[in-house]
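The values are calculated or read from the model by the stated rules, or taken from the named source; none is laboratory data. None of these values were measured; they are calculated from a predicted model. Counting neighbours? That spans all protein chains shown, and the Cβs are built from the backbone with ideal geometry, glycine included. Just the protein is used for accessible areas: all its heavy atoms, side chains included, with ligands, DNA and RNA removed. Shrake-Rupley method; radii C 1.70, N 1.55, O 1.52, S 1.80 Å.
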Amino acid sequence: MIELLGDLVPFPDRIDFDRFTFPQKVALVAAHGALDQEDVPAYLKVNSMRNKVAHRLNAALSAGDEVDLINCLSPLLRHTSMVDEPNVAAASWPYALRSVLAAMVIHLEVRRKQLLKARDEQRRVAGEVAQLAKELREEREQREAALAAASVPRVPTMRHEHWPDGVVKQPTDV
């Protein structure tokens, strides 16, 4: 989740994501559009399962925790994890849990890669726009310079030169 957040924000070095709680990280990722709102409950359920094991000495996960997590899955995560497939649904504990966790990790990584690809494309397009703007600016400056040169009468510098009215004048006539 921290890796995804680091890719989402423009200046990740200016924030210490380790100081955020997991629910805050999930909320930030969802707020940036990298996680669908309907997927948030599943990630929060994984966090509560982790906290159950991490903060209680004799705690263990059970098939009931697996069912609770499955019940939090969005249709996309249910499909990706294949928990409704007969061979996964009939498998013993914790097979479905492994499948769900793998699907959730893969889902985040796919979203991360999509975001990186979109950001690269935005940078490429921004570069093209900047180049086109530069070329247009140069063309405008050239046109303006040509118009300015055409509108200012030029003083002849050679011995026999044509003045703007077409008359050839000698330097002594000036």
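Kindly evaluate GLY64 against the criterion of being open to solvent by 30 Å² or more (accessible area, probe 1.4 Å) and at positive phi. Answer is no for this residue. Among residues of segment 45-60 that are under 19 Å from LEU73 (Cβ atoms) and open to solvent by 60 Å² or more (accessible area, probe 1.4 Å), none has a Cβ under 6 angstrom from a residue that is of a type in the set (Lys, Arg) and modelled with pLDDT of 95 or more at a sequence gap of 6+ or on a separate chain. Looking across segment 15-27 at every residue that is within 19 Å of the chain's Cα centre (by Cα) and either closer than 18 Å to ALA103 by Cβ or at pLDDT 95 or above (or both), the one that is surrounded by the fewest Cβ atoms within 10 Å (Cβ to Cβ) is identified as ALA27.
Contact map, segment 103-125: first residue more than 22 Å from MET82 (Cα to Cα), second residue in a helix (DSSP H, G or I) and among the acidic types (Asp, Glu), Cβ cut-off under 7 Å, separation 6 or more or different chains; pairs are LEU115/ASP7; LEU116/ASP7. Taken over segment 27-44, the criterion of being small (Gly, Ala, Ser) and touching a residue at least 12 places away in the same chain (Cβ under 8 Å) is satisfied by ALA27, ALA34, ALA42.
Name the one entry in LEU73, LEU132 that is modelled with pLDDT of 95 or more, surrounded by fewer than 11 Cβ atoms within 10 Å (Cβ to Cβ) and either more than 22 Å from PRO41 (Cα to Cα) or not hydroxyl-bearing (Ser, Thr, Tyr) (or both). Among LEU73, LEU132, only LEU132 is modelled with pLDDT of 95 or more, surrounded by fewer than 11 Cβ atoms within 10 Å (Cβ to Cβ) and either more than 22 Å from PRO41 (Cα to Cα) or not hydroxyl-bearing (Ser, Thr, Tyr) (or both).
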